[in-house]
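The values are calculated or read from the model by the stated rules, or taken from the named source; none is laboratory data. Since the model is a prediction, treat every value here as computed from it, not as a measurement. Cβ sites come from the backbone with ideal geometry, for glycine too, and all protein chains shown count toward neighbours. Quick note on the areas: whole protein, heavy atoms, side chains included, nothing else; ligands and nucleic acids left out. Shrake-Rupley method; radii C 1.70, N 1.55, O 1.52, S 1.80 Å.
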Amino acid sequence: MQAQQFVQQARQRLNEVRQSLDTVRTENTELRTQIHTLGQKKELVLSQLAELYLPSFEPAVVARIKPLTGYAWFAQNDLQALFANEKLSLAREHASIEADPDFQNREGLLHEITGDLVVKEKELREQVQLLRQEVERYTSEPRLLQLIEDKYGTPEYQRRWWDLQYYSDWKWGDIYTERFAKQEFSEVARSYESFSRDHRTMSAERQAISARKERTEQLIKRHAEIEHRQQFHDEMFLQDCRRRLRDHLAHLDREQLYEWSKGDRGFEAAIKKLHGLEKQIEYLDELGQRQLREDEAALNTMAAKLQNKINKFSRPKNYHRVLPATEANAWLGDGGRRVLARRQKFRRNYETVVVFDRYDSFDYARDMLWWDLMTDGRIDGDFIPEVSHWRSQHGSYDPGLFSSAGSSTSSAPEEPSLIDPS
Amino acid sequence: MKKLTVVAYAVNGSGLGHLTRVLAILRWVRRLARLAGMAPELFVLTSSEAAGLALEEGVAAFKIPSKTAIREAGLPKEETLRLARQWVWHSLNLLRPGLFLVDTFPGGSFGELFHALDGPGARVFVYRAMKDAFARQEVIQALLPLYDRILMPQEPGEPARATEPAWAPKARAVGPIMLRERDELRPREEARRRLGVPEHKRAVWLSAGGGGDPSAEDWLKAAVSVFSQEPDLHTIIGAGPLYRGAPLRGPNLTWLTSPLAMEDFLGLDMAFSAAGYNSYHELLHAGVPAAFYGQEKIADEQSRRAESAARAGAALFLPSGPEGLPSLESLRGALAVLRDPSRAALLAEAARAFVPRNCAREAAAEALATVLPRAALDVALELGTSSLFLGLSRRGLPIEAAEEALSCFVTDALSHDDRRELIEGLLQALPDPAAASLRWFVAFCKKLPAPRDEEQAEHLLGAGLSVVQALSRFEDDRGVTSFLRLLPNERGLRAEELADLLCPFLAALSHQGESLYRGLSVLGRHLGPPGQEAPLRSALPAATAELG
């Protein structure tokens, strides 16, 4: 094959590989988006579960939280006392804020145009800016600062005429005296110290004003928060308690939670849904890590190799070379077609996992995998550590396992029992 | 881990000596082999009717009928002999031992081992002391050179046994081999409770050895008739697992058939026993003031053994009369001596000095030296001391627990001795339940880099223990496991720094009645999203502050 011909085909192939790469990256983005969506669903279910366990503060509801979830906080703390204490604390804080002089005068202090603090802060900012510029005239001259530190031009200056540095100091002292339009260097030093001092003073003042302004703003914000919380205290306290319970539920072993809560269809269904969503996220993440990353790496390698060959055989000295057909074809590769074929497999796996929603079919009483339930055992999941480990302990997938896998163990009261009582 | 199959052969010895010796050695083989990185699988081929002892020691036993069982079942001798030989050959062929340990009969009780010794990887023979005429038989002497190592348990007070040039280089003298170390015996009060000894009574041990001797029942009855007339005595009859006579029960009597009675010997005040290998060494090692008599055996010189202890002032000797048992007068005489507290104390001290050590560990080391690299065995010996295993046993922990704990302190800067001492300290200090606490400790250590020197190792130990203490307050093994699993690894903090941050966090959780799961959520918020986590140095204090 002529080198020119090869280069032409290689460029074509390179385009194909780059298109494949784009496809893979698009799919990766889609996967990440889907994982994010599932994550949001999961968070929602978690919140719903917490609400399910704690619909209200009725004593019977609170009393059952520990046996159902293993969370002992509600049993060990007096909710009524906590609520009352918080109410009192809010009232005190509210009163304290309202008694604060700055809060009372907030309008006068913080009005965006006429507020005392606003105006003062602006003035000080400008003054500080000016002073800083003056000070910088001096501090941008390192030799000047050294002369001042050595107390040149004062009786405390230590160097003597036999010290070479003495003459250098003398020279620069004159330069700076002239530059700053003074009669003697000591005036330069005094001028610098004066500006420095004023700058520090003004800066401190400005910081104090800013701090007071910020404090007043915080008081206003806190005042609003308190009033809002007082207005909706019951509901917000309940939400806080639910969040606390949610924190506990977030990491609790699902099988353990099911074991505690089984017998109530609502809890069972919610737990299975939560667990199922978590597994979907986990499996999609593994799919992404394993398949997408590997495919992207393979395509990048392909593209790099093609580009190298293109560069090499585009050089004038190689222009008229004749390449062995087998080698040329090997270099050209398949443009990523094999990878794309794998992508189809990924697509199938991905869609199978994403669309799954039969969470209620999972049966904790059997030793089964969510993966097998989601894929009906049709997809090899050995690249997922959990699946691989399970297979090594239990052998391969058993289709019969799911034929009788049922819904939640308990019947809803309004449904007829599936078990013949006779 | 590489598998090591060890098969012991203890067939047709009289009494229990052969079986207990090999089981005692196997017990230490298991320990040392594990510490050397091997996965030992232990089997014993035996005919002993006390094969249940193997189960007690966690060894799988294959059993054929004993001579007694064959005789009583009326089975034809020749046919049974053929069956027994085939059974041994097939067992060895199937098990394919890497190490084959044989006691008493180098050629096997039926002569079957002569055709089977080329199979096992290494062969070790326990050449216990026996009657000279028995030891001189060609069926024993001719086969000794076929073994890779010959262990010669040396009995105290006896001169060193002669070796032959053909096998002398393979011979290794060891001391007495017993199932338990002195440190493993139960404390006196607990032992007396287990033996059923009332507070105000003296505990007298009465035994005829393993119980299989024909004179056992007569001896026990005779002795009980003497002791039952002494109201201050409570007699514990160690009938042994082979005893088949009528049990003796009644007031001031405790009847035992357990082969592990040694564990309660510290509860005894005196003993009257046959001088079988086990009874003799176990009583002396435990420091029980004792009087021994000799049963007549084919290979075992019990009278010589008893006299040896008496010569050393470590025990009293009860000479046998015409019927082969000590007279009642000699029994009463010995009882009078053993009642004297000062005499008894002298005998006890002399007994402990006479049998100061259990050499099962040394015997196991010699056996393993035929199959393990020297370096690996040396490490196992440095780590696997009696004190380590005693610590494990007291906390109810298996040897795997020691391996896990040792893995936390792997560093060139620490000697094996140092590591072992750290683990022993850990085992003592772990809160209950020890198994769970140890798992948590190991999980905590894995969060940190391995210690680089002794000081860091000690800090790791202290830090780990304080965290485990804090975690144990939650009484939630699953929760602790989840918490430690999800806690980020920490490479930037020293162990004690991490503990100083973690313990207040855990205390705050516990104080508030919170769960570890909630703790994970609170901590997670302060750590931030995966891939951008804040360091624990800042996240933990912030989480602690949130909890209040």
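Mind checking the stretch B:93-156 for trypsin sites (Lys or Arg not before Pro) that DSSP puts in a loop (not H, G, I, E or B) and that have at most 15 other Cβ atoms within 10 Å? Don't skip to the end; give the middle numbers.
On the way: sites: B:R123, B:R128, B:K131, B:R136, B:R149; in loops: B:R128, B:K131, B:R136.
In loop regions of the stretch B:93-156 (DSSP not H, G, I, E or B), the sparsely surrounded trypsin sites (Lys or Arg not before Pro) are B:K131, B:R136.
Near B:A122, the amide H atoms lying under 5 Å from its own belong to B:L99, B:F100; only residues 5 or more places off or on other chains count, and H is placed 1.01 Å from N. Counting only alpha carbon atoms, the long axis of helix A:116-139 and the longest principal axis of chain A meet at about 70°. Find the centroid of the Cα atoms in the stretch A:226-298 and in the stretch A:4-73, then give the distance between the two in whole Å. Centre-to-centre distance over Cα atoms comes out at 12 Å. Partners of A:K151 within straight-line reach, counting lysines whose Cα lies under 23 Å from its Cα and excluding those fewer than 8 residues away in the same chain: A:K171, A:K182.
Note on the protein assembly as shown: dipole from Cβ charges, positive end direction compared against A:H36, A:Q129, B:L501; the farthest Cα belongs to A:H36.
Near the amide H of B:A315, within less than 5 Å, lie the amide hydrogens of B:A310, all on another chain or at least 5 residues away, with H placed in the peptide plane. With 29 Å as the limit on Cα-Cα distance, the pairs of A:K279/B:K3; A:K66/A:K272; A:K87/A:K221; A:K66/A:K221; A:K262/A:K345 that go past it are A:K279/B:K3; A:K66/A:K221; A:K262/A:K345. Taken as Cα centroids, the stretch B:167-188 and the stretch B:394-440 sit 25 Å apart, rounded to the nearest whole angstrom. Within the stretch A:304-364, the chymotrypsin sites (Phe, Trp or Tyr not before Pro) that combine a DSSP coil assignment with at most 13 other C-beta atoms in a 10 angstrom radius are A:Y319. Report summary: the helix-based calculation at 222 nm, which adds -39500 (n - 2.57) for every DSSP H run with n ≥ 4 and divides by the residues of the protein assembly as shown, gives -18500 deg cm²/dmol.
The phi-based Karplus calculation (6.51 cos²θ - 1.76 cosθ + 1.60; θ = phi - 60°) puts the 3J(HN,Hα) values of the stretch B:46-53 at 8, 10, 4, 6, 9, 4, x, 4 Hz, whole numbers, x for Gly and Pro. In chain B, what percentage of the DSSP-assigned beta bridges are antiparallel, given to the nearest 5? The antiparallel proportion sits near 5 percent.
Taking the Cα atoms only, what angle lies between the long axis of helix B:216-227 and the longest principal axis of chain B, rounded to 10 degrees? Taking Cα atoms only, the helix is inclined about 80 degrees.
Cα gyration tensor of the stretch B:242-352, axes a ≥ b ≥ c as square roots of the eigenvalues: rounded (a/c below 1.5), prolate (a/b > b/c) or oblate? Verdict is rounded for the stretch B:242-352.
When chains B and A come together, the accessible area they lose, probed at 1.4 Å and totalled over both chains, is close to 1100 Å².
State to the nearest 20 debye the size of the charge dipole of chain A about its Cα centre, where the only charges are +1 on K and R beta carbons and -1 on D and E beta carbons.
2440 debye
Each Lys and Arg contributes +1 and each Asp and Glu -1, all at the Cβ; summed about the Cα centre of the stretch B:83-194, the dipole is approximately 380 debye. Taking Lys and Arg as +1 and Asp and Glu as -1, the other residues whose beta-carbon sits under 12 Å from that of A:F6 total +4.
Cβ screening of the protein assembly as shown for cysteine pairs under 4.7 Å finds these without a partner: A:C241, B:C359, B:C503.
The stretch B:523-548 and the stretch B:200-228 have Cα centres separated by 71 Å. Rounded, prolate or oblate: which one fits chain A, using the alpha carbon gyration tensor with axes a ≥ b ≥ c (rounded when a/c is under 1.5, else prolate when a/b beats b/c, else oblate)? The shape class here is oblate.
Summarising the strand pairing of the protein assembly as shown, around 5 percent of its internal DSSP beta bridges are antiparallel.
Between A:E294 and B:A135, what FRET efficiency follows from the Cβ-Cβ distance if R0 is 56 Å, with the result rounded to 0.05? Walk me through the intermediate numbers first.
Values: r = 71 Å, r/R0 = 1.26.
Given R0 = 56 Å and the Cβ-Cβ separation, E is 0.20.
Applying the criteria of a DSSP loop state and at most 11 other Cβ atoms within 10 Å to the GluC sites (Glu not before Pro) of the stretch B:466-548 yields B:E475. Solvent-accessible area per residue in the stretch B:54-202 equals 52 Å², computed with a 1.4 angstrom probe and all protein chains kept. Shown here: chain B, whose C-alpha atoms stretch 89, 59, 42 Å along the first, second and third principal axes, sorted largest to smallest. Shape analysis of the stretch A:201-360 places it in the oblate category; the axes a ≥ b ≥ c from the Cα gyration tensor give an a/c of at least 1.5, with a/b not above b/c.
Comparing each chain alone with all protein chains together (probe 1.4 Å, DNA, RNA and ligands left out), the residues of the stretch A:244-279 losing at least 50 Å² of accessible area are A:D247, A:H251. Rounded to the nearest 10 degrees, the inclination of helix A:3-53 to the longest alpha-carbon principal axis of chain A is 90 degrees. Here's how it looks for B:F272: its modeled amide H is under 5 Å from those of B:W205, B:L206, B:S207, B:A291, which are all 5 or more places away or on a different chain.
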